[in-house]
Amino acid sequence: MKTTQLLGIALLSISLLFFGFLTHAFSEAYTRWNLPPGAKARLGKGRINAVKYFPDGNRLAVATAIGTWIYDARTGEALDLLTGHTDRVYSVAFSPDGTQIATGSADDTVLLWDAQTGEQKASLIQHTGSVSSVAFSRDGEVLASGSYDDTIRLWDTHTGEPLKTLWGHNGSVYCVACSPNGEIIASGGSDNTVRLWSASAGVLVKTIVLENARIETIAFSPDGSILASNGADSTVYLWDVHTGERLKTMSGHSRDINSVAFSPDGRFLTSASHDSTFRVWDVNTGDLLKILTHEDSVISVTYSPDGKTLVSGSYDGTLRFWNSGTGALLKTITGHTHRVLSIAYSPDGRTLASAVGDQFELWAPRTAERIKTVAVPNMDFHSVVYLADGKTIASVGGYNFFGRKARLWNVQTGRFMGSFAGHTVHATSLAISPDGGMLASGDHEGPIRLWEVHTGEQLLAGDLLQTLAGHTKYTGSLAFSPDGSTLASGGYDNTLQLWDIRTGEHLKTLTEDTNWVRAVVYSPDGTLLASGNRDNTIRVWDVGTQELLYPPIMHSADVTSLAYSPDSRVLASGNSNNRVYLRDARTGEDLNIFTGHTSDVRCIAYSPDGKVLASGSYDGTVLLWDLTKLTFDQ
């Protein structure tokens with residue numbers, strides 16, 4: 001091994017000594033709550049979109065990509081998961097008396113729930129776009145909902161009937177709030193305006209026009225005299241509700257503001273940002289009092305009713321409870337994940353690895369227990385594969401300097417084991433040869449590199465063996481043939497290419513594909529090669545003749561991932577329509593469809609025994625589908 005490579009490994013090892021292990025504090029029983037038909041477990045709790053305290057302060061509601069989680073605010077224990085929406089839940093609100101919960105979703109609906117039992121009471125259907133925000137009136141008789149259909153709609157909370165539609169925004173409505181005195185409804189949207197409406201008459205009272213500031217979040221002060229909103233250039237604005245005058249501009253965030261919340265006594269305002277911080281401001285002076293941080297974007301903040309605790313939710317997958325006075329961290333709830341980009345079973349099937357942002361998680365799929373989370377600051381895991389020894393994981397990912405290398409990690413300890421340096425732009429895809437002796441990695445500009453893997457040695461990362469130059473754009477997927485002689489590569493140049501591994505020779509370009517090739521996979525018996533495409537098709541090739549086995553299989557959305565069953569008889573596909581399809585590998589005939597994800601399915605993998613299919617999604621979860629109960633003949 002070259003001295004420079006050894007030095008690079010040593011330096012990177014030192015720089016990554018800060019990686020952490022996050023452990024779960026409670027039972028994983030929640031992994032089996034409210035599962036979709038056919039699923040046996042759900043790994044992960046979904047991406048956080050909003051957090052809100054119950055009015056009594058004893059519980060916390062968290063709107064996520066898969067539903068609304070209810071937590072015990074004192075212990076952090078998960079109590080319930082409210083599922084009923086078919087897409088992401090963006091917002092949550094409570095009636096003033098604490099008896100009802102309202103949730104707004106990307107499925108264009110508002111659902112009303114019994115706050116004590118979790119029972120769904122009503123479905124409010126009239127919007128024609130995602131419902132971004134919901135808010136109850138002071139007396140709880142009316143619910144306001146803002147939507148991407150450019151409207152605010154008012155609903156009778158007892159009957160679920162629509163009362164009135166407020167028109168005025170010239171674009172999506174991102175946020176709504178009801179004033180404490182019940183007289184005003186405030187809204188903000190993509191048209192760079194804050195609008196104030198008469199709650200009783202439903203007419204527009206005042207329009208505040210901003211420059212270059214989509215209004216993502218608003219909040220009334222407890223006395224109703226001040227309205228807070230995000231402003232231009234990552235600022236926070238305070239407005240006089242009666243005059244529309246801007247009272248203060250608070251600067252300091254470096255990225256967009258996602259959430260603002262007043263303390264119950266009205267003295268403080270907290271703002272959460274994509275810059276991974278939330279900041280506490282003095283409302284009277286506009287002075288910055290505290291900066292508290294996460295490892296990723298802070299999406300939502302909420303005060304406890306007594307004002308003593310702040311809770312923040314982040315794309316780093318955590319809910320964090322803070323002493324609002326001192327800023328001390330009180331406790332952390334883990335398990336919420338931003339997006340699942342890649343999954344891989346260990347060769348013995350006992351462990352499942354999933355890539356989620358700057359960390360990869362290890363699960364025991366048979367018990368649905370999370371074993372370990374390895375978090376690496378500044379890393380971004382886009383793809384993970386197990387080496388043949390089952391003890392090492394290879395990964396690529398990231399758009400910064402760290403993204404230019406494939407890396408190896410010890411599964412048991414999470415220790416960094418070495419890297420393969422040579423890509424000049426970020427690496428995008430990975431594959432391991434059947435014998436475990438070679439790693440292939442593709443990058444954003446197209447070239448594929450083949451690396452030697454030193455099996456059974458302390459330093460596993462070997463030298464560069466070949467560079468395969470053929471793709472002219474992003475190489476999105478790689479697959480070795482079962483005999484290890486050929487590599488198939490799919491690119492965003494719309495081609496599927498075949499390579500001789502021993503010589504590095506380009507064998508053939510299959511040009512039937514009409515858009516990005518996002519997934520390629522060989523059948524385990526080596527007779528078939530399938531490609532999944534952005535043109536909503538799957539193409540299956542006979543490896544011997546290199547001809548299409550049957551006409552392309554059409555879908556309603558992008559094909560993002562493919563996997564053959566271990567016996568080569570079933571072809572599974574993941575799609576950007578949130579579904580997983582099973583088909584007869586030889587005929588293309590439909591066998592089964594799994595539905596349950598609320599966002600794009602980005603990756604799928606069969607367990608080695610073929611009894612379970614795992615699917616990972618942008619909704620932040622992995623669903624494990626039980627294949628033993630399917631009725632078709634396998």
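Data overview
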| quantity | calculated |
| --- | --- |
| Listed residues Met554, Leu496, Phe480: farthest to the positive end of the dipole of the stretch 445-592 (Cβ charges) | Met554 |
| Surface accessible to a 1.4 Å probe, His85 within the full protein complex, Å² | 20 |
| Contact order normalised by residue count of the stretch 209-333, Cα under 8 Å, 6+ apart, percent | 15 |
| Cα gyration tensor shape of the stretch 101-219, rounded if a/c is under 1.5, else prolate or oblate by comparing a/b with b/c | prolate |
| Global geometry of the stretch 319-440, whether rounded, prolate or oblate, following the gyration tensor of its Cα atoms and the 1.5 cut on a/c | oblate |
| Beta bridges per DSSP with both ends in the chain, % antiparallel, nearest 5 | 100 |
| With all protein chains modelled, accessible area of Arg579 [1.4 Å, Å²] | 100 |
| Between 0 and 90°, nearest 10: helix 3-15 axis offset from the chain longest Cα axis | 30 |
| Cβ-defined net charge surrounding Glu28, 15 Å radius [Lys, Arg +1; Asp, Glu -1] | +4 |
| Rounded Å value of the spacing that divides the Cα centres of the stretch 303-375 and the stretch 164-192 | 33 |
| The stretch 483-634, relative contact order in percent, only Cα pairs under 8 angstrom and at least six apart counted | 13 |
| Protein accessible area in the chain, 1.4 Å probe - carbon and sulfur % | 47 |
| Protection proxy ranking, peptides 474-481, 584-591, 561-568, 408-415, average beta carbon neighbours within 10 Å, highest first | 474-481, 561-568, 408-415, 584-591 |
| Three-way shape label, the chain, alpha-carbon gyration tensor, a/c 1.5 | prolate |
| Surface per residue (accessible, 1.4 Å probe) for the chain, Å² | 38 |
| Neighbourhood net charge (13 Å Cβ-Cβ; Lys/Arg +1, Asp/Glu -1) for Asp114 | -2 |
| Mean residue ellipticity (222 nm) of the chain, computed from DSSP H runs ≥ 4 via -39,500 (n - 2.57), nearest 500 | -500 deg cm²/dmol |
| Projected label distance in nm at Asp389 and Asp287, using a 7 Å step from Cα toward the beta-carbon | 5.8 |
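The values are calculated or read from the model by the stated rules, or taken from the named source; none is laboratory data. Only a predicted model underlies this, so the values are computations on that prediction, with no experimental measurement involved. All Cβ positions, glycine included, derive from the backbone under ideal geometry; neighbour counts span all protein chains shown. Keep in mind that these areas ignore ligands, DNA and RNA; they rest on the heavy atoms of the full protein, side chains included. Shrake-Rupley method; radii C 1.70, N 1.55, O 1.52, S 1.80 Å.
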